[in-house]
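Working notes, beginning with the structure itself.
Throughout, read-outs are computed from the coordinates displayed, never taken from laboratory work. As the structure is a computational prediction, the values presented were derived from the model and not from experiment. Please note: Cβ atoms are built from the backbone with ideal geometry, for glycine as well, and neighbour counts cover all protein chains shown.
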Amino acid sequence: MKETPEEMAALQELMDVSHGDATPHLREIVSGEHRLDAATVVAALEGMKVLSLATVTARGEPRVSAVDGHFLHGRWTFGTDGRAAKAKHLETRPAVSLAHVDGERLGIFCHGQVVRLSPEDQAWEETIAHWTAHYGSDPTTWSDDIRMYRVEPSWFVGYGTVGTAPG
C-alpha cells in the first residue's frame, strides 16, 4: 500500500460522492456490506490487476481492451505500446472507463481522464520503479514506444461480497 492518509481520505470522499450520485439501481446493488470503503479497495488492489479499459474511437464508438493495472497512490496506472489502438484513442480522447472484476467477489469501477506520464512527471520514477519491481524489467524497455498512463478518476465505486479479502 503506497497511499498516504490524505490520498486515502480523497479516495474515500470520491467513493462517497460517486455512490451518492449513482442511479438508484446501482445504489441498491452496491449497498450495505457490499459497498467497499477506500481501505478495503486499496488492500484488494495490491499487485497487478487485469483491467477492462474502455476508450473511444474518432467516430465515438466504444472499444474495450485488457491492460495490466497497478493501483498507486489512489490512482490506476497502466501502459501500452504506442502502436496500439487504445494509445491512438487516448491521444485525442483521454476519457476512459475501466473495471477490475473478480467474478462476483469483487468489482471496482472507475471513470476518468488519463494523463500520459513522462520522465518530467513527479510520479514517473516511483511508477517505473514499481512496475520494474513487479515485472523484473523496466516497462519502457519493452518496445520503442511504450506509453505509461495514470487515470485521474472522476467516479469510483467498489463492490465486494462478505469476507472480501485482498488478492
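Of all residue pairs spaced 6 or more apart or on separate chains, those with beta-carbon atoms under 6 Å, a first member in region 63-90 that is touching a residue at least 60 places away in the same chain (Cβ under 8 Å) and under 17 Å from V42 (Cβ atoms) and a second member that is outside any strand (DSSP E or B) and polar (S, T, N, Q) are T77/T127. Inclusion of R27 among residues that are in a strand (DSSP E or B), surrounded by fewer than 15 Cβ atoms within 10 Å (Cβ to Cβ) and charged (D, E, K, R) is not warranted. Among the listed residues T80, T40, which satisfies the condition of being in contact with a strand residue (DSSP E or B) (Cβ under 8 Å, 6 or more places away or on another chain), surrounded by 19 or more Cβ atoms within 10 Å (Cβ to Cβ) and of a type in the set (S, T, N, Q)? After applying the criteria, what remains is T80.
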